[in-house]
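Report on one structure; see the data block that follows.
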Amino acid sequence: MKISYKFILIFLLFLVVSITCYGQSTQSSLNEVAKYKSKGYNVLFVAIDDLNDWVGCLGGNSQVMTPNIDKFAKENGIVMNKAYSPSTVCCPSRTALLTGKRVASTGVYGNGQNLKDAPKAKNVVTLPEYFGKHGYYTLSAGKVFHKHPTDNGLDEGGWAFKEFASPGGSNQGMLWEQTPPKVDGIKGGGSDFVWGASEGPVEKTKDYVACKWAADQLQRDFDGKPFFLALGIAKPHLPWIVPQQFYDLYPLDKVIPVALKMDDLKDIVDQNGNQLFKPDARFELTEKANLHKEAQRAYMANISYVDYCLGVLFDALEKSKYADNTIVMIWGDHGWHLSEKMKYGKTDLWEESARVPLIVSVPGVTTPNAKTDAVVNLLDMYPTLIELCGLPKNANNEGISFAKLLKNPKMRWNTPTLTTYQYKNHSLTDGRYRYTSYGGRANGAEELYDHSIDFLEHNNLASNHKYKEIIEGFQKYLPNHNEPNSPNNKLSGEDKKRMTKGNKKNEEE
């Protein structure tokens, strides 16, 4: 068979084009893989239980001393002045931010529920799992996921990490478990509302040991992989028992208590004019015993204790080989009332419960000592971290990455963000207004506050027709679907009885 030169020339040209296209396709694939591996950031993810904005750099209470957190923020990161929690109680807040799914999407609304029992949450790839699947060495200590009693012990979310540590072993003999010789406070009000000074060195307390463990990990290598290290700090969760040295920072005669407004709840009514809230039991007991200064002093002492423990971690990071390539996110899981709205505790949907501390440091990205009033949510941490680390997007994330904001904290960033407490009860804020809809309560009460003139939320504007368009604007951001309550934990005895009631004590613990 005779083959023409023209045919050979066409064949060779086709072969060259095919090889070139294949090479480009292969290179494109390699570039895509390289992009996800090129950032090289480690992640230090620090959760603090029940911490509100009473932190120096957040300005919630000028009396509180947090030199280590303030120094870290000043030298490394950006303070998110308007960060909000997905929910105002531990389990739903942590479930949301760790799954990247809204509370209304999973049906995990309270502490009596477990994300692993929730049909819409149990198979979702959580934040540490996602990093583990994309080449990170993951490890954790302390409360990161919400802890749940099970028939086989305690589920602490250790399944999500390659390593899960319990510093101090069983923790027996550590001060955090011991009742001091003299405990102050009030018995009652849902769960024990107590405080006091423990004896012995701070180095034997739970959070110090956990922070020291995390600091020690920064001396390790992680099989040549970047790491995702999650650390959970227990205080200032009740009971407020820490070493005396932290109480000594706040002489009682120098403590200035929160100003009270005793009729603050009268303008929150349903459509029939019925008052929706009343002072909680802790507030009433504290008011009757005249212990507001003592209680608030105890909370401040616990925050300063947390700050002291974190100083060990910050110092270790600064001296480690990971200082220049480790993202740090420090966050509180929800706020906490200290007599505001005639309440001591978390839950509900006011600013004091919903606003949280969030400090972010990204080497080469964030400007030290920066602050922003951009509105963000803890739900946004998941997509933000994977973008910063160059990982592929997770299509299941319902939060919004604020990676661009970290480079330019003066950007306009005020899309309303959502906080949910219990079924169909939602609150939205755009940084100026807070709108709350009680769709899960009888007759659907509403609240609206203008923070530009009423940041303490004393004057409910929801019934004022002047604000009708503002309310309608917020209503567009309410969830279209509210997943029914997921099952409660399977417990036995008194724990089961308490948890299944869904009472206030369960929510507070």
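I'd like to know if the range 244-256 contains one or more residues that are crowded, with 17+ Cβ neighbours inside 10 Å and closer than 20 Å to residue 212 by Cα. Looking through the range 244-256, at least one residue is crowded, with 17+ Cβ neighbours inside 10 Å and closer than 20 Å to residue 212 by Cα. Take the conditions (1) without any contact (Cβ under 8 Å) to a residue 12 or more places away in the chain; (2) out of contact with any helix residue (DSSP H, G or I) (no Cβ under 9 Å at 6 or more places or on another chain); residue 409 misses just one of them, which is (1). In the range 428-456, the residue that is nearest to the chain's Cα centre (by Cα) out of those that are among the polar types (S, T, N, Q) and within 22 Å of residue 273 (Cβ to Cβ) is 436.
Total residues in the range 315-327 satisfying the condition of being surrounded by fewer than 23 Cβ atoms within 10 Å (Cβ to Cβ) and either assigned to a helix (DSSP H, G or I) or under 21 Å from the mean Cα position of the chain (by Cα) (or both): the figure is 6. You will find that of 173, 169, 185, 196, the residue that is of a type outside the set (A, V, I, L, M), part of a loop (DSSP other than H, G, I, E, B), over 30 Å from residue 323 (Cα atoms) and at pLDDT below 95 is 173 and no other. Being crowded, with 23+ Cβ neighbours inside 10 Å, under 27 Å from residue 121 (Cα atoms) and either at pLDDT below 95 or not basic (Lys, Arg) (or both) is the requirement here; does residue 394 meet it? No: the conditions fail for residue 394. Quick check on the range 127-136. Is at least one of its residues touching a His at 6+ places or on another chain (Cβ under 7 Å) and either within 28 Å of residue 211 (Cβ to Cβ) or at pLDDT 95 or above (or both)? Checking the range 127-136: not a single residue is touching a His at 6+ places or on another chain (Cβ under 7 Å) and either within 28 Å of residue 211 (Cβ to Cβ) or at pLDDT 95 or above (or both). Scanning the range 47-81 for residues that are assigned to a strand (DSSP E or B) and crowded, with 23+ Cβ neighbours inside 10 Å returns 47, 48, 78, 79, 80. Confirm whether residue 310 is in contact with a Phe, Trp or Tyr (Cβ under 9 Å, 6 or more places away or on another chain) and surrounded by 23 or more Cβ atoms within 10 Å (Cβ to Cβ). Answer is yes for this residue. Comparison of 378, 388 shows that the only residue that is touching a helix residue (DSSP H, G or I) at 6+ places or on another chain (Cβ under 9 Å), among the hydrophobic types (A, V, I, L, M, F, W, C) and crowded, with 23+ Cβ neighbours inside 10 Å is 378.
Restricting to the range 472-496, name every residue that is part of a helix (DSSP H, G or I) and either in contact with a helix residue (DSSP H, G or I) (Cβ under 9 Å, 6 or more places away or on another chain) or modelled with pLDDT under 95 (or both). Answer for the range 472-496, where residues must be part of a helix (DSSP H, G or I) and either in contact with a helix residue (DSSP H, G or I) (Cβ under 9 Å, 6 or more places away or on another chain) or modelled with pLDDT under 95 (or both): 493, 494, 495, 496. Flag set for residue 121, criterion: assigned to a loop (DSSP other than H, G, I, E, B), touching a helix residue (DSSP H, G or I) at 6+ places or on another chain (Cβ under 6 Å) and buried (at least 23 other Cβ atoms within 10 Å of the Cβ).
Inspect the range 274-283 for any residue being over 29 Å from residue 144 (Cβ atoms), touching a helix residue (DSSP H, G or I) at 6+ places or on another chain (Cβ under 7 Å) and among the aromatic types (Phe, Trp, Tyr) and give the result as yes or no. For the range 274-283, residues over 29 Å from residue 144 (Cβ atoms), touching a helix residue (DSSP H, G or I) at 6+ places or on another chain (Cβ under 7 Å) and among the aromatic types (Phe, Trp, Tyr): present.
With respect to (1) modelled with pLDDT under 95; (2) part of a helix (DSSP H, G or I), the lone exception for residue 238 is condition (2).
Scanning the range 406-426 for residues that are of a type in the set (Phe, Trp, Tyr), touching a Leu at 6+ places or on another chain (Cβ under 6 Å) and either at pLDDT 95 or above or surrounded by fewer than 18 Cβ atoms within 10 Å (Cβ to Cβ) (or both) turns up at least one hit.
The values are calculated or read from the model by the stated rules, or taken from the named source; none is laboratory data. All values derive from a computational prediction rather than experimental measurement. Neighbour counts are summed over all protein chains in view; Cβ atoms, including those assigned to glycine, are modelled from backbone coordinates with ideal geometry.
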